[in-house]
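This report concerns only the one structure given below.
The values are calculated or read from the model by the stated rules, or taken from the named source; none is laboratory data. Fair warning: this is a prediction, and the values are worked out from it, not measured in the lab. Here the Cβ positions follow ideal geometry from the backbone for every residue, glycine too, while neighbour counts run over all protein chains shown. Ligands, DNA and RNA are excluded from the accessible area calculation, which covers all protein heavy atoms including side chains. Shrake-Rupley method; radii C 1.70, N 1.55, O 1.52, S 1.80 Å.
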Amino acid sequence: MIERLEEELLPLRVQLQNHPVYKSIDTLEDIQCFMEAHVFAVWDFMSLLKQLQNLLSCNTVPWRPSGYPKASRLINEIVWGEESDINRNGVPMSHFEMYIEAMHSLNADTDQIDRLITKLSSGSTIFEILEHAPYPAHIKNFLQFTFEVVNSEKPHIIAAVFTFGREDLIPDMFVEIIKNLNTPDGIDLSDLTYYFERHIEVDSGEHGPMALEMIKQLCGEDTDYWEEALHYSKQALRLRIELWDGILASLENKTSIVSLK
């Protein structure tokens, strides 16, 4: 069944990997604009991950068996790598924090994502924030879908969206484009390059195979589960394409989410 799912998703994945947004980035301003929108996808990925951990491992006290020992082992290994990796200087941090670090090193604006996290810390729900935030549709729709999936509390659906909407959709050639950008003196791309290289390496070499195995365990022989996994995976990829389309339009029109303050 996993082979059929991968086969049906392949056209959407190829469309993403060949998206023109990558080759549209020529300047420091372009990469700043890209990051200021893409950071939301880096952030919400962690909520998919942590909800899977909540559902597949016991995170309450007193502890009790979760009922998913194999999937629990897989998701805990992925959490360890995503939430407590090390940056290029050997400092422990999550991949999201690495991305924020890279944004700061390139003088990209983190104000919008900072505001979102501050509002969450103040007690607002993600849906309340999305209702009132001035985000463009391609970001708002992307986040709305993610948290509808998270709130479904259906492990097989969350695992499918987590697996097939991953950052390994970003092709290696994008890293080469970043390396070859002409940047002003004093601007160092090392943090950003490390983030993408590390994320691609970990996802394709370690976490990708683990996540596929997790889907197989969670869907088992249930055809309805497999159909739901396929449906939501397709929707996740379509919304990622919409996100990339929106970022591409921002690059072409020289606009940024930062201008929506």
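Counting lysine pairs in the chain whose alpha carbons fall under 24 angstrom apart, excluding pairs fewer than 8 residues apart on the same chain, gives 20.
For region 219-261, the spherically averaged projection of the C-alpha convex hull amounts to 4.0 nm². Each residue of region 106-113 is assigned a 3J(HN,Hα), and the resulting list reads 9, 6, 6, 7, 9, 4, 5, 5 Hz, derived from the Karplus form 6.51 cos²θ - 1.76 cosθ + 1.60 (θ = phi - 60°), x at Gly and Pro.
Compared with the direct C-alpha span, the chain from Ser24 to Glu201 gains 61.3 nm at full extension, assuming 0.36 nm per residue. The GluC sites (Glu not before Pro) of region 99-185 that DSSP puts in a loop, and whose beta carbon has at most 11 other beta carbons within 10 Å, are Glu153.
Calculate, in nm to one decimal, what Lys179 and Glu7 gain on full extension: separation in residues at 0.36 nm each, minus their alpha carbon distance.
Value of the extension gain: 58.7 nm.
A convex hull fitted around the alpha carbon atoms of region 1-117 yields 152 Å³ per residue.
Where in region 208-233 does the label zone of Arg73 land, with the point 7 angstrom along Cα→C-beta and an amide N cut-off under 20 Å? Once the point is set 7 Å along Cα→Cβ of Arg73, 208-221 turn out to lie under 20 Å by backbone N, inside region 208-233.
Based on DSSP H runs of at least 4 residues, each adding -39500 (n - 2.57), what is the mean residue ellipticity at 222 nm of the chain after dividing by all its residues, to the nearest 500 deg cm²/dmol?
-22500 deg cm²/dmol
Solvent-accessible area of Ser57, all protein chains in place: 10 Å² (probe radius 1.4 Å, heavy atoms, ligands and nucleic acids excluded).
Pairwise inverse Cα distances across region 59-145, averaged and inverted, put the Kirkwood hydrodynamic radius at 16.0 Å.
Here is the tail figure for region 124-187: Cα pairs spaced more than 21 Å apart come to 50 percent of all pairs. Rounded to the nearest 10 square angstrom, Ile200 shows an accessible area of 20 square angstrom against a 1.4 Å probe. Highest mobility in the GNM of the chain, judged by mean-square fluctuation with C-alpha springs under 10 Å and restricted to Met173, Met214, Met98, is found for Met173.
Mean projected area of the Cα convex hull of region 126-231, taken over all directions, amounts to 9.2 nm². Rg over Rh for the chain works out to 0.95, using Cα positions for both radii and the Kirkwood form for Rh. Surface composition of the chain: carbon and sulfur make up 50 percent of the accessible area, probe 1.4 Å. Net charge of the neighbourhood of His138, taken over other residues with C-beta under 9 Å away and scored Lys/Arg +1, Asp/Glu -1, is -1.
Using the Cβ-Cβ distance between Asp245 and Val14 with R0 set to 22 Å, the FRET efficiency from 1/(1 + (r/R0)^6) comes to roughly 0.90. Length gained on full extension, Ile86 to Asp172, computed as 0.36 nm times the residue gap minus the Cα-Cα distance: 28.9 nm. With each label modelled as a point 7 angstrom along the Cα→C-beta vector, the Ala137-Asn59 pair spans 3.3 nm.
Residues whose amide H falls under 5 Å from that of Met93, counting only those 5 or more places apart or on a different chain, are Asp85, Ile86, Asn87, with hydrogens built in the peptide plane.
Relative contact order for region 70-129: 15 percent, from Cα pairs under 8 Å spaced at least 6 residues apart, divided by residue count. Phi angles across region 127-139 convert, under the Karplus curve 6.51 cos²θ - 1.76 cosθ + 1.60 with θ = phi - 60°, into 3J(HN,Hα) values of 6, 5, 5, 5, 5, 10, 6, x, 6, x, 4, 5, 7 Hz, Gly and Pro given as x. Here the contact order of region 1-160, divided by its residue count and restricted to Cα pairs under 8 Å and six or more residues apart, works out to 26 percent. Report D for region 184-231 in µm² per second (integer): Stokes-Einstein, Kirkwood Rh on Cα pairs, 10 °C, 1.306 mPa s. Reported coefficient: 119 µm²/s.
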